[in-house]
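K.L.:
My questions all concern the structure below.
The values are calculated or read from the model by the stated rules, or taken from the named source; none is laboratory data. In this text the structure is predicted, and so the values were computed from the model without any measurement. Here Cβ is always computed from backbone atoms with ideal geometry, including for glycine, and neighbour counts include all displayed protein chains. Side chains included, ligands, DNA and RNA excluded: accessible areas come from the protein's heavy atoms. Shrake-Rupley method; radii C 1.70, N 1.55, O 1.52, S 1.80 Å.
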Amino acid sequence: NITNTTCSNAGGASAGLFFITTASGMVYVLATTVVMSYPAHLVSKGRAPFSKTFETGMLVAHGTLMLCVQGLFMLASIYGPLSIVLPVYNASIMLWNLPIMYLLGMETFDKATRTATWIVMCAACVLLEVGPQVPEEADTFPDFANPVVIAWLIFLGALWVFTTTVMVLDLRKPDLINNQYVLTALYSVVQGLGTPGLATVGKVSPRRAER
């Protein structure tokens, strides 16, 4: 069993990365599948629409769970490089979707789908052993004292806030942006800046604490 062999041979850092990242994948599935998709699935099957109060509660629950996901992702980045965290995270989302969607009656999966998902998950776990490692002497924190770096980070942060705000406004007013390419670009910027941003915080925090 590749998964068991990999996890049993992994050191503390690899084990921490594995369990925290898979936990974040599980919380992500709970936030998206259980909280957001399942009520919509029930309505599509003939259930009466939920009240506005219920929908607001689900939206709050979704936001809270997604904050937990981001926190776990940032914590996982402490234990290894982003090139390992992301594959394990994405594979765990695929794996958690199988039992949760099946138990909720939302989807059934054939043998080929289940087998392919397990193969992807096992391949991601193998990265914990054979993937890139963070050099012990790596220390990038002093670079953040550079004014140019600080200005660049402020610009990226402002860009992330702007694009996220526009996406939220578009969600509230669907006719705000009618161009699908613009929406795709906004989503790409939010994802592209948010993921490495959280990983950067995760990498820098323990180094700063050591100082």
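K.L.:
How do the peptides 148-157, 72-81 rank, highest first, by the average count of neighbouring beta carbon atoms within 10 Å per residue?
P.N.:
Working: 148-157: 11.5, 72-81: 22.0.
Descending packing order for the listed peptides: 72-81, 148-157.
K.L.:
Further question on the same structure: Order the peptides 31-44, 14-27 from the highest to the lowest mean number of other Cβ atoms within 10 Å of their residues.
P.N.:
Numbers: 31-44: 16.2, 14-27: 21.2.
Listed from highest to lowest mean packing, they are 14-27, 31-44.
K.L.:
Heavy-atom accessible area of Met101 with all protein chains present, probe 1.4 Å, nearest 10 Å²?
P.N.:
40 Å²
K.L.:
Which percent of the accessible area of segment 42-86 is formed by carbon and sulfur heavy atoms (probe 1.4 angstrom)? Working shown, then result.
P.N.:
On the way: 1950 of 2730 Å².
Roughly 71 percent of what the probe reaches on segment 42-86 is carbon or sulfur.
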